[in-house]
1. Once the dipole of the protein assembly as shown is set up with Lys and Arg at +1 and Asp and Glu at -1 on Cβ about the Cα centre, which of B:103, A:46, B:270 lies farthest towards its positive end?
2. Based on the Cα coordinates of segment B:30-111, what is the per residue volume of their convex hull in Å³?
3. For chain B, what's the relative contact order in percent, using C-alpha pairs closer than 8 Å and at least 6 residues apart?
4. Fewest first, what order do B:251, B:355 take by the number of other Cβ atoms within 10 Å?
5. With a/c under 1.5 counting as rounded, go ahead and sort segment B:342-410 into rounded, prolate or oblate using the C-alpha gyration tensor (a ≥ b ≥ c being the square roots of the eigenvalues; past the cut-off, prolate if a/b is larger than b/c, else oblate).
6. Once you treat every alpha carbon in the protein assembly as shown as an equal point and sum by Debye, what is log10 I(q)/I(0) at q = 0.06, 0.07 Å⁻¹?
7. Note the direction-averaged projected area, equal to a quarter of the hull surface, for the Cα convex hull of segment B:76-126, in nm².
8. What Kirkwood Rh does segment B:163-296 have if only Cα atoms enter the pairwise 1/r average? Answer in Å.
Amino acid sequence: MANKIDDELKKIVSTITEIPLDTLKPDADFFDDLKIDSMKAIEIVAAFEKKYKIVIPEEEIPKMRSLSKIIAFAKDKIK
Amino acid sequence: MDEKKIVITGIGVVAPNGIGKEKFWDALKNSNSGIKPISRFDTADFKCKLAGEVSDFKPADYLGEKGLRELDRSSRFLCAAAKLAIEDAGLSITEQNTDSIGVCTGTTLSSLWNIAEYDREVIKDGPLFTDAGVFSGTVANAASSRVSILFNIQGFNATISTGYTSSIEAIRYAVNCIQLGRARAVLVGGVESISPASFTGFYRLGFLAGLKGEEVSCPFDKRRNGIILGEGAGVIVLEDETHAKKRKARMYAEVKSAASTFDAYKLGKYQPQGKGLYQSIRKTLSRSRVSPEQIDCVQASANSVKEHDKIETAVLREVFEKLADKIPVTAVKSVLGESFSAAGLFQVISSLGSMQEGFVPAVANYREKDPECNLQYVTKTLSSQKIANVLINNFGPGGNNAALLLSKYQ
């Protein structure tokens, strides 16, 4: 289950950021390293919420700055 | 205030029968139709099956792969046409001149598919699980804005939604902006893309060909019984002549004059005497200082709707009187379908082809004469013609009418 979520989320982020799967580093910061804009960040959050039917609380959204942080959040919620 | 001469210096087109001006003009010369069975959605529940659908369009060839996923179908059409037009004009957009270049687009239904998808998502999945990324594509000015973002054009950006006449209204808006000194050059576009929602709308209103007869786009022909929907985008670069000359641009034509009127009659019904269309043409001719004798060809609005083509015929007779027996009249919707707000730009680009390459495209599918439609319709493509002045008409049920006069640059 854990690996499946890793793969699914990596694919979502890769599709939205247009960064190929093999070069997407889990710890890369969306804004500082990947230079994505706020619309794309919203898209990533929305795609995550839609896929797992989990709402990320407002106060948590600013913390979702990398793939690994989203994966950690997901693993905590989906058990 | 001195009137500036407004010239056309660039052409970009993504049409159902050809992409790029050369392919589009060749297709028109040979009456190659872009009308074919719809492939974008299932038409099993419809009696009508055809549309002027853009196929063989690979957006990455024009726009690259990166960022493509953010662009909906209409934006892809318009951005690709804009790219072709900018290249054709040899216009370089820089930090120094970006504030003096604008974008103006005619479109009415191009975001309907996005709206329908977004609504469906909100209703089906609920607001918490709706993708906000789709929302930006639901607005009417989405495609036009994409052009400005992609090519860094910052002078102004406007979208004109007046249905059938949007393209010509967009040209008028751009001309006014240049005359007022708000811009030196403007990318003027027209775009529409077909969707199940728009197709259903025209179908249920009984407006499509095939419901009351043969499913064919045959303007002015006795068999005509409705439109076949079309889609695509056309973009031209308009500039003030001084600016174009300074950068040694090729000038295809001059926008001599344009006029529009509104003669709403009843919802979805044509004004039976075509009063507004008559006034639009009269005003356009008088503003242009081109005499009726000098008109070499009429690019008709005719779209194979019974009333539409009859009214346009009567109005042209009234305007041109005896000359109406001589002036060739063509109707490119016979091979493109009715592409609504994009139609005017297709007519303009077809007219530029006539001036450039000396041909007048045939009204395809013209077979049976209708006594109520008695003009000089071009039934076989005319070649080796000297085309200097073309009158372009646009109108529809709903009240909007527009006319435009283009003259070959000399």
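1. B:270
2. Hull volume over Cα atoms, normalised by residue count, gives 167 Å³.
3. Numbers: 1034 pairs, mean separation 95.7, N = 410.
This gives 23 percent for chain B.
4. On the way: B:251 17, B:355 23.
In order of increasing Cβ crowding within 10 Å: B:251, B:355.
5. Numbers: a/c = 2.11, a/b = 1.11, b/c = 1.89.
Taking the square roots of the gyration eigenvalues as a ≥ b ≥ c, segment B:342-410 is oblate.
6. -0.30, -0.40
7. With every direction weighted equally, the projected area is 5.5 nm².
8. The Cα-based Kirkwood calculation yields 18.0 Å.
Rule-based calculations on the coordinates, nothing more; no lab input. In this text, all values refer to a predicted model and were calculated from it rather than measured experimentally. Heads up, the Cβs are rebuilt from the backbone with ideal geometry, glycines too, and the neighbour counts pull from every protein chain shown.
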